[in-house]
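Just so it is clear, none of the values below were taken in a lab; they were calculated from the coordinates. Predicted model only: the values in this text are computed from it and were never measured. Heads up, the Cβs are rebuilt from the backbone with ideal geometry, glycines too, and the neighbour counts pull from every protein chain shown.
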Amino acid sequence: MPLPKPPVRRARNKEDNELLIKGMTCALIGAVVLLAPYLAKSASVQDLMRQAYLVGWFALILGCAFLGRYALRRLAAHRSAPRG
């Protein structure tokens, strides 16, 4: 009699999806903050967004780190998946 299949790891999939959402959100916020001075029409908004460039870079780098962690988890899961 063959062994039963291992249980589906729904908690792990949920954690992976949360990492993906966090990464995309942070990266998007960072990109918007960094691009806003070039796209804003008001001089006061441009000045305000130029002052927030460190926050934009932080959010962009944090988002990329989350996305990188997500990619590494998916790669590890793909490599350890049973073939057959």
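Structure above, values below:
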| item | result |
| --- | --- |
| Per-q log10 I(q)/I(0), the chain, q = 0.13, 0.23, 0.24 Å⁻¹ (Debye; single scatterer per alpha-carbon; no solvent) | -0.57, -1.00, -1.05 |
| Point-to-point label distance, LEU54-ALA11, nm (Cα→Cβ direction, 7 Å offset) | 3.9 |
| J(HN,Hα) series, the range 12-29, from Karplus relation 6.51 cos²θ - 1.76 cosθ + 1.60, nearest Hz, glycine and proline x | 5, 5, 5, 4, 5, 5, 5, 4, 4, 5, 4, x, 5, 5, 5, 5, 5, 4 |
